[in-house]
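Worksheet: one structure, shown below.
The values are calculated or read from the model by the stated rules, or taken from the named source; none is laboratory data. Everything numeric here is computed off the predicted structure, so don't read it as measured data. No Cβ is skipped: glycine too gets one built from the backbone with ideal geometry, and neighbour counts run over all protein chains shown. Remember, those area values only see protein heavy atoms, side chains included, never the ligands or the DNA or RNA. Shrake-Rupley method; radii C 1.70, N 1.55, O 1.52, S 1.80 Å.
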Amino acid sequence: MLQSQDTEVTMPHALATPSDLMNHDIYIDTFFENASPMGWEQIQPGVIALHPIQDHQRFSPNMQISHINLKLLTDDPAKRQSVRFVIRRISNCWNGRRQPAITHSPMSWAVSSDDQSWQNILGQPLDDPEFAMAFDVPVTAPCMHVARMVPYTPTHLQSWLATIAQSQWVDIKHIGQTVENRPLEMVQVGDANAPHHILLRARSHPWETAGNWIMHGLVDQLLNTNDSHRHLLEKMCFWLMPMANKDGVHRGMTRFNICGMDLNRNWDRPADEQLAPENAALEYWIEHHLQSGKPINLAMCLHNDSGGQLHPGLTNKPDYAYKMKRLEDLLRRHTWFTEGSQPPGCGGADVFSGGLIERYGIDTIVAEYNAERIAKFNRPPLHWDWITYGRKLVAVLCDYFELSQP
Ligand SMILES: [Zn+2]
């Protein structure tokens, strides 16, 4: 992992004049799929100030910016070893409290020169009234991709779906459309007549990519062609909603859908079909599935935050607390997970977990993955860590449902 070259970074406060920048060899591209909306300016030769733009919750002071995804273009990479980025101080707002969007701890960034291999660099917090953080991006190619986490776009999803659709164990259906009419997929992996059914949802918050990589690892492992995995797919059927907030992912947003709705909220009542069709489609699918006589034995909603814990719902449902504790223990046994669980019930039936338990009786949990650090390895995560976790999830669920391990 690279670090900013100076641990004590000081900011040049005199703005360069346009004539200082006449030899302007840097361009920041923010107009591609999943690029984050943002302002930028070269304030000194080789120093780019970023002004990310929050997305807002409808009729609420809540706003959040966590997603940053841009391309750094230089006309002659041989001219520069690196470009320094500094991020302006901006606020998030959550539950009526304003908080700095960039905190005082180091923050990891993913950088690639070819969109294939990625490395983490570490940004350093600044003691500066105007700028919150600085990080240096090494320039090794004319286009350097820079993002908070390794990006995963609707195009990545399409390509993955086309690959796994070849398997006899996979069936992909559209269960509805987003506000902007993008299709919402439900991916079935396994035998529809299996006794155990597991629902996983990713990207209800668009910047949180871990869920997609976890699904990659999980499906890779499940489709591993040998007889023992075949046996598993007759016992467990997976239903994956891989990109719930596809409009938000396309547009490079952080949390809400394009109507300002939080797709991990309002689960205590039927979804608004106009404002949150992404949730209405999933509700309709769940109701149909249950009416057809098939169970949903476990549902997980996959997220990123800066804690990485499990968030069980609050319920008197018999055995729920025991089952979620068992799930936690199995994750500790089979994966790198050590982060533990929050006390049950944060958000009540309003959040996905509480709502699905309350309305449909489904054992549901929200699983967060720390975007900054994997505690067990004491380093920032890359997408490979989540793929590995997804592979191991098969063993976790085998034990959870007391099936023999492949
Ligand atoms: Zn989230």
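Brief remarks on what is shown
- Here Arg332 fits the description: without any contact (Cβ under 8 Å) to a residue 12 or more places away in the chain and among the basic types (Lys, Arg).
- Selection within the stretch 143-172 - closer than 16 Å to Trp239 by Cα and basic (Lys, Arg): none
- Residue match in the stretch 238-260 (condition: outside any helix (DSSP H, G or I) and more than 28 Å from Asn69 (Cβ to Cβ)): yes
- Pairs linking a residue in the stretch 202-227 that is at positive phi and within 16 Å of the ligand (Cβ to nearest atom) to a residue that is part of a helix (DSSP H, G or I) and of a type outside the set (Phe, Trp, Tyr), with Cβ atoms under 7 Å and 6 or more positions apart or on different chains, are Arg203/Gly211; Arg203/Asn212; Arg203/Val249.
- Residue within the stretch 239-258 that is closer than 23 Å to Pro61 by Cβ and surrounded by fewer than 20 Cβ atoms within 10 Å (Cβ to Cβ) present: yes
- Within the stretch 344-354, one or more residues are in contact with a Leu (Cβ under 6 Å, 6 or more places away or on another chain), open to solvent by 10 Å² or more (accessible area, probe 1.4 Å) and at pLDDT below 95.
- Qualifying residue in the stretch 137-145 (condition: touching a residue at least 40 places away in the same chain (Cβ under 8 Å) and open to solvent by less than 10 Å² (accessible area, probe 1.4 Å)): yes
- Strands (runs of 3 or more DSSP E) within the stretch 132-215 that include 1 or more residues among the charged types (D, E, K, R) and at pLDDT 95 or above: 170-177, 183-189, 196-202
- Unique match (being closer than 23 Å to Glu180 by Cβ, away from the ligand (no atom under 16 Å from the Cβ), modelled with pLDDT of 95 or more and among the aliphatic types (A, V, I, L, M)) among Leu298, Leu282, Leu275: Leu275
- The residue that is nearest to Met215 (Cα to Cα), among those in the stretch 303-331 that are open to solvent by less than 20 Å² (accessible area, probe 1.4 Å) and within 16 Å of the ligand (Cβ to nearest atom), is His303.
- For the stretch 347-362, the set of residues classified as part of a loop (DSSP other than H, G, I, E, B) and either of a type in the set (Lys, Arg) or touching a Pro at 6+ places or on another chain (Cβ under 9 Å) (or both) consists of Ile362 only.
- Whichever residue in the stretch 266-302 is of a type in the set (S, T, N, Q) and in a helix (DSSP H, G or I) and, among such residues, is surrounded by the most Cβ atoms within 10 Å (Cβ to Cβ): Asn279
- If only residues of the stretch 337-355 that are more than 16 Å from the ligand (Cβ to nearest atom) and in contact (Cβ under 8 Å) with a residue 40 or more places away in the chain are counted, the one that is farthest from Met107 (Cα to Cα) is Ala349.
- Asp127 open to solvent by 30 Å² or more (accessible area, probe 1.4 Å) and over 29 Å from Asn257 (Cβ atoms): yes
- Of the residues contained in the stretch 383-397, one or more are found to be at pLDDT 95 or above, within 16 Å of the ligand (Cβ to nearest atom) and either crowded, with 19+ Cβ neighbours inside 10 Å or not charged (D, E, K, R) (or both).
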